[in-house]
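Taken together, the values in this text are just the output of simple stated rules run on the coordinates, not laboratory data. Because the structure is predicted, anything quoted here is derived from the model rather than measured. Note that we place each Cβ from the backbone using ideal geometry, even for glycine, and neighbour counts take in every protein chain shown.
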Amino acid sequence: MDSGAERGVRDERGSGTMLMVGVCAVVMMLGYAAMLISGYVIAGHRARAAADLAALSGATTASQGGDPCDAARANATAHRAQVVACKRVGDQIDFVVTVTASVAVALTAPGLPSTVSSVAYAGSEEVR
C-alpha cells in the first residue's frame with residue numbers, strides 16, 4: 001500500500017491546534033485592550049468626581065473664611081486623588097475656586113500616561 005507521505009501528500013495533523021493558538025492570542029489581546037480602555041475610563045470618572053468634590057469643598061471653606069486649597073487637598077486625598085493645582089480668584093463674596101485633580105491609572109501600557117487629570121470650578125458664577 002501507498003502511504004500519503006510516500007505519494008507527496010501533505011499531512012494536515014496539528015493545523016487545528018495552530019489555528020486555536022492564533023484565535024486564543026487574538027482573544028487575549030482584545031481582552032487586554034478592553035481592560036486597558038476601561039481602566040482609563042474609570043480613572044477619568046474618578047478624576048472628574050474628585051475634582052468636583054474638592055472644588056465644592058474649597059468653595060464652601062472659602063465662603064466661611066478658610067483656606068480653600070487646604071480643604072480641596074484634604075477632600076481629594078480622601079477620594080484617593082491628588083490636587084495638582086488650586087487657585088482662588090475673587091473676594092470674600094464673589095469668588096471661584098479652580099481645582100485640578102489627578103488620579104493614577106491602575107493598568108497602564110508603555111507610551112500611555114499613568115495619571116488622568118480633570119479641572120473643576122466652584123463658587124460664584126460672576127467671577128471667572
Original post:
Using the alpha-carbon atoms, what tilt in degrees (0 to 90, nearest 10) does helix 68-78 show relative to the longest principal axis of the chain?
Top reply: 30 degrees
Original post:
Where does the chain land at 222 nm, in deg cm²/dmol rounded to the nearest 500, when only DSSP H runs of n ≥ 4 count, each adding -39500 (n - 2.57), divided by all residues?
Top reply: -17500 deg cm²/dmol
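Tell me, rounded to the nearest percent, the portion of alpha carbon pairs in the range 13-123 spaced more than 20 Å apart.
52 percent
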Subject >> Separation in nanometres of the label points that stand 7 Å from Cα toward Cβ, at Met28 and Ala104 >> reply: 2.7 nm
Original post:
Angle, helix 15-63 long axis vs. longest principal axis of the chain, Cα atoms, 0 to 90°, nearest 10?
Top reply: 0 degrees
**OP:** Normalising by the residue count of the chain, find the relative contact order in percent from Cα pairs under 8 Å and 6+ residues apart.
**Re:** 25 percent
Original post:
Where in the range 1-96 are there trypsin sites (Lys or Arg not before Pro) that are in a DSSP coil and have at most 16 other Cβ atoms within 10 angstrom of their Cβ?
Top reply: Arg10, Arg13, Arg80
